[in-house]
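The values are calculated or read from the model by the stated rules, or taken from the named source; none is laboratory data. Just so it is clear, the structure is predicted and the values come from calculations on it, not from any experiment. Heads up, the Cβs are rebuilt from the backbone with ideal geometry, glycines too, and the neighbour counts pull from every protein chain shown.
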Amino acid sequence: MKFVDEVHIKVKAGDGGNGAVAFRREKYVDKGGPSGGDGGNGGSVIFKATEQLTTLLDFRYHSLYRARNGYHGMGSDMNGAGSDDLILETPVGTLVRDQHTGEELVDLSVAGQTFVIAKGGRGGLGNINFATSTRQTPRFAQDGTPGQERDLTLELKLIADVGIVGFPNAGKSTLISRVSRARPKVADYPFTTLVPNLGVVPYKDKKSFVMADIPGLIEGASEGAGLGHQFLRHVERCRVLVHLVDLSAVIEGRDPVADFDTINTELKKYSGLLAQKPMVVVANKLDLPDARAALPKFLAAMQKRRIRVLELSGATGEGLQQLMDACAQQLFSQASLKTRIKQQDALRDVVTAETAFRAPRAEKPAAVKKKAKPAKKPAAAKQKTAPKKPAPKQARAKPGAAQQPQKKAKARARA
C-alpha cells in the first residue's frame, strides 16, 4: 500500500434548512393561523482518530467532503429533519492545519479523539414562531445559516517510541526486521527504504514498544536534500532516537565521526524539538573486518565527548539485546532526561543531538593552598593600650576671682 503522509482537502458542512411560510387550511378549523415549521440543522464535518489506519491514502483520491444540508420546514407545524454529521476517520497522529494561514487546528494524537472541524448551519424558524397578538398572520420565515467551509492540510506524524536515524544503508531496515515482525525491503544499496516502517518490539515482563525505521538522511536533509527530509516529521513524536553509525563507511572514504556530526546537525536544523530528544549511539556492521578495524578510532573520538557507544551487528544479531535494554531503560526509567544526560561518570549512556557536540568539561585544577596566616597572639600577650581620655575642660575663671584672695590677705595684715 502506498504511504501518504500529507494531503490537501476541502470540507463543507451542511447548510441549515429554511423555515416554512404556511397557514392552516383545514375543514372545520376556524382561523387556523400560521403553521410553517422550522428548518433542520445541517450536518457537521468531524475528524476521528483511529488505529485502523496508518496512512492518508484515502484522502489522496477524494479531496472534497460535504455534509448533507438540513431539510426545509413544511406546513402543518412540521419541522425539517436535521442531517447526520459526516465523520472522517484519520490515522492516530494526524495534524490538521489551515491551508491558507498554516494555523494548527487540532492534533489527533489519541485513538478515539474527535474534533468538529466544520460546524453545520442552523435551521431557520418558520412563520409560526413570529405570530403575535398584533401580527397574527406573518408572511415571512427565517432562512437557514450556511455551514462552515474550510481548506485543510492533513499532515501525518507517526507515533513511535523509538526512531532509528542514520545515513542511507546504515542498517536501519535490517535492525527493525531483526527485533520485530516488520519486513521492510533490505538491500546493499542506499535509499532502499522509501517510506517509514513501524514494528512492535516485544520486551521483558510483558512490555513492548514501537520502533520506527526512518529513511536515510544525508547532508542538507533539513533543507530538502535526499528523501529523509520528507519524513523527519515522524521523528518528532519519538521518545528515544537510536543513532546508527555505519563503521563500514570507511571503505567509501567517509569518516564515521563526520557522519555522526552531520546527522546531528540536520536534526538540529530541522527542529529544536529533535535536538532535545534522548539519543542512544550505536556502532553498526561490526561483522565486517573494515568496520571492526575502524571501531577503536570511533570509540576514542566518542570517549573524548564522554559518549558511551553500543556495539552492534544487525546481520549476526551481536549486541541486539544490549540495544533493546538501553532503549527500554530510557523508555521505562523514572529518572528525568536532564538527570540521565548530566551523568557524572566517565561516559554518558544517553545524549541529545545538541549535547553530542560538546566536549567534556575541563577538570578544575587542584585548589592552590593559601599562605598560612600568622597565628594570632594570645589575649594575655596583647598589649592593650587604653584609649586616651580627653582632658577635662578647665572652667573659665570669672573676672576678678583671682584678685579676691589677695585683697583679703592685705586686709588681715592691716588689722
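The set of residues from segment 124-143 being free of Cβ contacts under 8 Å to residues at least 24 places away in the same chain and among the β-branched types (V, I, T) comprises T132, T134.
Residues in segment 26-64 that are part of a loop (DSSP other than H, G, I, E, B) and either under 31 Å from the mean Cα position of the chain (by Cα) or on the phi > 0 side of the Ramachandran plot (or both): 13 in all. Identification of strands (runs of 3 or more DSSP E) wholly contained in segment 76-123 with 2 or more residues that are assigned by TED's automatic domain parsing to the domain that holds T50, in contact (Cβ under 8 Å) with a residue 40 or more places away in the chain and more than 24 Å from G42 (Cα to Cα) yields 94-98. Each residue in segment 76-104 was checked for being of a type in the set (G, A, S), buried (at least 18 other Cβ atoms within 10 Å of the Cβ) and at negative phi, and 3 pass.
Within segment 124-180, if we keep just the residues that are surrounded by fewer than 21 Cβ atoms within 10 Å (Cβ to Cβ) and part of a strand (DSSP E or B), the residue that is modelled with the lowest pLDDT turns out to be E155. Take the residues in segment 6-25 that are among the charged types (D, E, K, R) and part of a loop (DSSP other than H, G, I, E, B); name whichever of them is farthest from Y65 (Cα to Cα). Step by step, filter segment 6-25, then rank; the result is R25.
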